[in-house]
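Take a look at the structure below.
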Amino acid sequence: MRTDATRYSNFTGWIDRPDDVRPALDGDLTCDIAVVGGGMGGMATALRLAERGQEVVLLEAEFCGYGSASRNGGQIAGAPGGDLRMLGLFSGSKLSVMAKLAEHAGHYVEDLMKTHDIDCDYVANGLVWGAISPLMMLRVRTQAAILRSVGGQGTVGNREQLGLPTGFVGGMRETIGGMLNPGKLARGVRRAVLDSPVELYERTPVSDVRRTGGIVELTTPNGTVRANKVVLATSAYGGEWDITPKNLSVPLYVIEIETEPIAPERLAELEWTSRSGIITQHQVMTHYRLTERNTIVCGVRRPERGPGYPLPDRVPSPSLVKDMAADLADRFPTLADVSIAQAWGGWIGISADWLSVAGQVGNNVYYSMACNGHGLCQVPYVGKMLADYIVDDEMPEDLAGIWSDAPKYPASMDLVMNPFVLRLVWSLDRMNDFFSGSKALARRQLRRRGRAKR
């Protein structure tokens, strides 16, 4: 696929930037609760606190929805992501907790869309764990069995049964969730925040978070916020402050690419009848999905480790875009002449055990780290539960399952996610693709279909 005319962005391709960005904080203020970070987690936390009658200030460095809230693949997952075999090995006691949390999170986001009348092109067609080779299908079946053993739900089937495109042999469709436009979702939640009593300051980066007596002080370029309680909802960016537990997250840079619009008859030839989003079962997954504008979005595949803090604001590397475009052409050979219209990317945080986590530092600083490749819906759901805990001082059951008071976390993910290991894992995935014959399989299915038409 051609990339010579690709547009590069440090925001997202799903939606334009808002034209009503709120003014930055100018001066000092005092409040009861301050939330730092205007992503899906921060907005959901602030919105819920306001609904519960709390005085809340929300601070965002750019504008609400600027970060991973709008940059992701738009997958509402109803099951934990990642390698369930590894998660079971190292965090077996939490798998059932995560399975239940994932289902509840999916329903929560569906309710959020209805409550605030958010039109974000949502289709409840279930995310599919896709297999591009018979060997990968064995892994899918193993993963599905583990999911069922901890109370999760999913339907295993072949390509025809699940309505998957040519180039896939089968997979497992999650029972809950589907696809949406994450930019529109984040913009809708931002609108709900603007319509609420939340005091919102955009273009207000927080450079320091520290306690002074029983008060938490947040330093910004043009003023200081003094709050009785603070919620840190900044994903990968939390590592910029000393108050954040050490090793809470490892920052990874991931990208998304989108094709130019494709003629409906050419899309029909793919036989992607379900239009379900697909995540492959590689060690580092690649996801594919159709959009309402008749394009294909593809993402992740080759994440890059953050160099340190502060994290740079950047656009995707052309070499990564070309690699992903080549993969897209291998997966869909009939579309090899299609151009990649745009590419965008940004930072996400990966927790120490690859599971969602929330916790508390002292008696008045709270934090959450969700998603980790488990789909965007866990982020706002954890934020909502965290708000309820702050108000009621009673911990919801799902929140208790991921709660931690640890002053620091193991450095295991920091070691696993170093640039050498990431490159090695990527190479192993490509080697498995070569020996499993996934590229040849896609072309063989294409030829078989052509003969059948004749």
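The values are calculated or read from the model by the stated rules, or taken from the named source; none is laboratory data. Remember, predicted model here, so these are calculated numbers, not experimental data. Backbone-built Cβ (ideal geometry, glycine too); neighbour counts: all protein chains shown. Note: areas computed on protein heavy atoms with side chains; ligands, DNA, RNA excluded. Shrake-Rupley method; radii C 1.70, N 1.55, O 1.52, S 1.80 Å.
With the simple spin-label model, which puts each label point 7 Å out from Cα in the Cβ direction, the Val123 to Ser149 separation comes to 3.5 nm. Each label point was placed 7 Å from the Cα along the Cα-to-Cβ direction; for Asn10 and Thr30 their separation is 3.7 nm. Mean sequence separation of contacting Cα pairs (under 8 Å, at least six apart), scaled by the length of the range 61-207, corresponds to a relative contact order of 39 percent. Rounded to whole Å, the principal axis extents of the Cα atoms in the range 191-311 read 66, 38, 22, largest first. Provide the gained length on full extension for the span Gln360 to Asp19, in nm with one decimal, where the gain is 0.36 nm per separating residue minus the Cα-Cα distance. My answer for the length gained is 119.2 nm. Net charge near Val250: determine it from the other residues with C-beta under 11 Å of the C-beta of Val250, scoring Lys and Arg +1 and Asp and Glu -1. With Lys, Arg at +1 and Asp, Glu at -1, the neighbours total 0. Counting only protein heavy atoms and using a 1.4 Å probe, the accessible area of Arg302 comes to about 60 Å².
Could you tell me what percent of the DSSP beta bridges with both partners in the chain are antiparallel, to the nearest 5? Expressed as a percentage, antiparallel bridges in the chain total about 65.
The angle between the Cα long axis of helix 84-115 and the main principal axis of the chain comes to about 80°, on a 0 to 90 degree scale. With a simple spin-label model that places each label point 7 Å from the Cα along the Cα-to-Cβ direction, the separation between Ser207 and Asp393 comes to 3.7 nm. Quick one: accessible surface of Arg2, probe radius 1.4 Å, all protein chains present, in square angstrom to the nearest 10. For Arg2, solvent-accessible area is about 120 Å². Note on Thr273/Arg191: beta-carbon distance plugged into 1/(1 + (r/R0)^6) with R0 of 56 Å gives a FRET efficiency of 0.95. Can you give me the angle between helix 134-149 and the longest principal axis of the chain, using Cα atoms only, in degrees from 0 to 90, rounded to the nearest 10? Between the helix axis and the principal axis of the chain, the angle is about 40 degrees. This model, with +1 at the C-beta of Lys and Arg and -1 at the C-beta of Asp and Glu, gives the range 230-301 a dipole about its Cα centre of some 200 debye.
Per 0.36 nm of contour for each residue apart, how much would the distance between Leu424 and Ala341 grow if the chain were fully extended, relative to their Cα-Cα spacing? Please report the intermediate quantities before stating the final value.
Numbers: separation 83, 0.36 × 83 = 29.88 nm, distance 2.92 nm.
My answer for the length gained is 27.0 nm.
Do you know the relative contact order of the range 7-416, to the nearest whole percent, from alpha carbon pairs under 8 angstrom that are 6+ apart? 25 percent. Summing charges over neighbours of Arg48, with a neighbour being any other residue whose Cβ is under 13 Å away from its Cβ, gives -2 when K and R count +1 and D and E count -1.
Can you give the angle from 0 to 90° between the axis of helix 182-194 and the longest principal axis of the chain, with both taken from C-alpha atoms, to the nearest 10? Roughly 20 degrees between the two axes. Here the accessible area is traced with a 1.4 Å probe on the protein chains. For the range 7-416, carbon and sulfur cover 50 percent of it.
Nearest 0.05, what FRET efficiency do Phe90 and Leu135 give at R0 = 22 Å with Cβ-Cβ as r? After rounding, the FRET efficiency stands at 0.40.
Over all distinct Cα pairs, what is the inverse of the mean 1/r for the range 243-317, reported as the Kirkwood hydrodynamic radius in Å? So the Kirkwood estimate lands at 15.0 Å.
Note on Thr175 and Asn432: the extension gain reaches 89.6 nm, defined as 0.36 nm multiplied by sequence separation minus the Cα-Cα distance. Here the Debye sum runs over all C-alpha atoms of the chain as equal scatterers in vacuum, and log10 of I(q)/I(0) at q = 0.07, 0.08, 0.10, 0.13 Å⁻¹ comes out as -0.33, -0.44, -0.68, -1.16.
Each Lys and Arg Cβ is given +1 and each Asp and Glu Cβ -1; about its Cα centre, the chain then shows a dipole of about 2420 debye.
If each Cα of the range 302-380 is one equal point scatterer, what is log10 of I(q)/I(0) from the Debye formula at q = 0.11, 0.16, 0.17, 0.28 Å⁻¹? The Cα Debye sum returns log10 ratios of -0.48, -0.84, -0.90, -1.26. Across the alpha-carbon atoms of the range 1-144, the computed radius of gyration and Dmax are 19.6, 62 angstrom.
Could you tell me which residue out of Thr115, Leu311, Thr142 lies farthest along the dipole of the chain toward its positive end? Charges go on the beta carbon: Lys and Arg +1, Asp and Glu -1, centred on the Cα centre. Of the candidates, Thr142 comes out farthest on the positive side. Dividing the helix sum by the residues of the chain, where each DSSP H run of 4 or more adds -39500 (n - 2.57), gives a mean residue ellipticity at 222 nm of -11000 deg cm²/dmol.
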